[in-house]
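First the structure, in the form of structure tokens, and then the observations on it.
The values are calculated or read from the model by the stated rules, or taken from the named source; none is laboratory data. As the structure is a prediction and not an experimental result, all values here were calculated from the model. Using ideal geometry, Cβ is built from the backbone for each residue, glycine included, and neighbour counts are taken over all protein chains shown. Side chains included, ligands, DNA and RNA excluded: accessible areas come from the protein's heavy atoms. Shrake-Rupley method; radii C 1.70, N 1.55, O 1.52, S 1.80 Å.
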Amino acid sequence: MIVNTTPTPRNPLRDPRDRRLPLIAGPSSMVMFGVTGDLARKKLLPAIYDLAHRGLLPPSFGLVGYGRRDWSHDDFADYVRTSVTEHARTEFDESTFEQLRGGLRFVTGTFDDTAAFQKLTEVVEELDRTRGTGGNHAFYLSIPPDAFPQVCSQLANSGLNTPRDGSWRRVVIEKPFGHDLASAKELNDVVEKVFRPEDVFRIDHYLGKETVQNILAFRFANQMFEPIWNANYVDHVQITMAEDIGIGSRAGYYDGIGTARDVIQNHLLQLLALTAMEEPISFDAKELRTEKEKVLEAISLPEDLSLHTARGQYVAGLQGGEEVKGYLEEDGIPADSTTETFAAMRLDVNTRRWAGVPFYLRAGKRLGRRVTEIAVVFKSAPFLPFSSTDTADLGQNAIVIRVQPDEGVTMRFGSKVPGTQMEVRDVNMDFQYGSSFTEESPEAYERLILDMLLGDPPLFPRQREVELSWEILDPITDYWAKNLPPAPYRPGTWGPETANEMLTRDGRAWRRP
Ligand code: BG6
């Protein structure tokens, strides 16, 4: 008898449910505050349509818009139709839209309008009766955080936060979760007075991106990367989130917030946590969040923030051949604003795995091109048995996870240049989603809205993660406010010169993505 002595490995991706079958949300509705805002129009409403089109919403799904406009249900339906035709990922299908339209309602009101919240309660009950939404209602707060207290207390006063037997009530909150640690705690107190912690879904839309979830598959479903994913082999890690757009019409939101609070506190620190964390024992919310939190807790800041952080603000110039305004000339921005539109920082993760491996983060608007990537840069080979001219063009090996665009993974390594010499030069080996899979990736919001309706929380950061991220960032933004005004940089470049100097000091250079 042949006995298989190979131990069955623990497989964190294993799940008793067959994950190949997409799960379909049960009877439910969503009430959206801030429904006329950009995010709702460009992302949230289209994502709901796309889910409906993919058959992942129940036919009875209800969607209630709440806002100041004096709209009828039909006006709202027209607005949703326009948003869907302009921004949905999947093609427009009249019968899907008609199905969805049956559950569209609009309630006119301001956040302090108690009578309007009474009306909202009636509309939600009407949906339960006529559409069979089963008392399951989600409240999506796509509104500025200073409006949270009022909306939450209105929801509590009208009893909308309290589920009937066996049903659920959930709240979805969009970033920013505060502007520092203290305000994040206050905000959380407000929300958790009204909803149980497990019913609070904090959106970080980066976690809904396929390529971000792929960091887990890449690291933990494979054998060949994990053994080298540590300080023995890795020299440093660079996480870049570059955008070529300016702040557009978002002055009201952006000014006084800046890049570090807008995207580093959330998206980039989440990318760092997923890149650096230990293998969770499962992908349950508790295990995944715990491992991410351990990384955030282990992060330390460099002693001298003037040397290891950089801050910039774009000036007027040419981008893609077009004249673009500087940040200070953008509509609604005060001429003396010191808000940064570029931020870079070095963080260290004090664990055995990462001791001595700096994580460099940078993000900004009006940069060379739109790209988000994580580059794990390896140490050079300890000895090169070649002449120095043969390896003059050889860089460090790197694994680059391209979050967007051109989603995929690239490995960079040295290869012999064909010819009589032993010349070695960097080459790339590429995996691209576009050519490896026929399925198109869903939008991040499709995944996150569906998970929320299913009550599946792993992709939503919990409060502890939010607080730890602010603990990391607060000393930097405090230091900047007092000592480091943003340095100017031209559009289409990769940020201010200070960002380059920051890496040069460490004997390294930013990648040109
Ligand atoms: C948002 C930020 O969270 O992410 C914006 O508030 C930024 O400033 C946006 O433009 C970028 O998202 P994405 O998915 O296009 O990378």
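Cross-link reach is defined here as a Cα-Cα straight distance under 16 Å, omitting same-chain residues fewer than 8 places apart; for Lys185 the lysines meeting it are Lys175, Lys193. Separation of segment 25-54 from segment 144-217 is 16 Å, based on Cα centroids. With θ set to phi - 60° and the Karplus curve 6.51 cos²θ - 1.76 cosθ + 1.60, what are the ³J(HN,Hα) couplings of segment 501-513 in order, to the nearest whole Hz, using x for Gly and Pro? The phi angles translate into 4, 4, 7, 4, 4, 8, x, 10, 9, 5, 6, 9, x Hz. What you get for the chain, charging only the Cβ of Lys and Arg (+1) and of Asp and Glu (-1), is a dipole of about 920 debye around the Cα centre. Find which of Phe460, His137, Phe177 sits farthest along the positive direction of the dipole of the chain, computed with +1 on the beta-carbon of Lys and Arg, -1 on that of Asp and Glu, about the Cα centre. The Cα lying farthest towards the positive end belongs to Phe460. Close amide-amide hydrogen proximity is noted between Thr493 and Gly368, each under 5 Å apart and 5 or more residues distant or on a separate chain (H modeled in the peptide plane; Pro and chain starts excluded).
Report the calculated FRET efficiency for Glu198 and Ala231 (r = Cβ-Cβ distance, R0 = 56 Å), to the nearest 0.05.
Details: r = 36 Å, r/R0 = 0.65.
Efficiency computed from Cβ-Cβ geometry: 0.95.
What is the distance in Å between the Cα centres of segment 292-329 and segment 372-393? Taking the Cα centre of each part, segment 292-329 and segment 372-393 sit 28 Å apart.
Close amide H pairs (under 5 Å, H built 1.01 Å from N) link Asp235 with Val377, Phe378, Lys379, residues at least 5 positions away or on another chain. Note that segment 319-334 has calculated 3J(HN,Hα) couplings of 9, x, x, 10, 6, 10, 6, x, 4, 5, 9, 5, 4, x, 9, x Hz, one per residue in order, obtained from phi through the Karplus relation 6.51 cos²θ - 1.76 cosθ + 1.60 (θ = phi - 60°); glycine and proline are x. Accessible area ranking (1.4 Å probe, heavy atoms, ligands and nucleic acids excluded), largest first, for Ser183, Ser415: Ser415, Ser183.
Per residue of the chain, what 222 nm ellipticity follows from adding -39500 (n - 2.57) for every DSSP H run with n ≥ 4, rounded to the nearest 500?
-9500 deg cm²/dmol
Accessible surface of Thr162, taken over heavy atoms with a 1.4 Å probe and every protein chain present, rounds to 80 Å².
What share of the DSSP beta bridges in the chain is antiparallel, in percent to the nearest 5?
On the way: 44 of 78 bridges.
About 55 percent, rounded to the nearest 5.
Partners of Lys416 within straight-line reach, counting lysines whose Cα lies under 21 Å from its Cα and excluding those fewer than 8 residues away in the same chain: Lys379.
Only one residue of Tyr360, Tyr66, His53 has its Cα farthest out toward the positive end of the dipole of the chain, where Lys and Arg carry +1 and Asp and Glu -1 on Cβ, and that residue is Tyr360.
Averaging 1/r over each pair of different alpha-carbon atoms in the chain and inverting the result gives 24.8 Å, the Kirkwood hydrodynamic radius.
Counting Lys and Arg as +1 and Asp and Glu as -1, each charge on the Cβ, what is the dipole of segment 64-209 about the Cα centre in debye, to the nearest 20? Display every interim value, and only then the final one.
Working: 18 positive and 25 negative charges, 62 e Å.
The calculated dipole for segment 64-209 is roughly 300 debye.
Starting from the Cα of Lys365, draw a straight line to each of the lysines and keep only those under 17 Å, dropping any in the same chain fewer than 8 residues away. Straight-distance partners of Lys365: Lys325.
About the Cα centre, and with charges only on the beta carbon of Lys, Arg (+1) and Asp, Glu (-1), how big is the dipole of segment 17-113? Nearest 20 debye, please.
The calculated dipole for segment 17-113 is roughly 520 debye.
Along each principal axis, taking the top coordinate minus the bottom one, the Cα set of segment 221-379 gives 50, 34, 33 Å in descending order. A simple rule links phi to the HN-Hα coupling: the Karplus curve 6.51 cos²θ - 1.76 cosθ + 1.60 with θ = phi - 60°, which for segment 236-250 gives 6, 10, 10, 10, 10, 10, 10, 10, 8, 7, x, 8, x, 9, 9 Hz, with x for Gly and Pro.
Roughly speaking, what is the centre-to-centre gap between segment 429-474 and segment 78-116 when only Cα atoms are used, to the nearest Å? If we compute the Cα centre of each part, the gap is 24 Å. The angle between the Cα long axis of helix 285-298 and the main principal axis of the chain comes to about 50°, on a 0 to 90 degree scale.
Calculated FRET efficiency, Glu86 and Gln421, Cβ-Cβ r, R0 60 Å, to nearest 0.05?
Working: r = 56 Å, r/R0 = 0.93.
Between Glu86 and Gln421 the formula returns 0.60.
Subtracting the Cα-Cα distance of Asp336 and Thr114 from their residue separation scaled by 0.36 nm leaves 75.9 nm.
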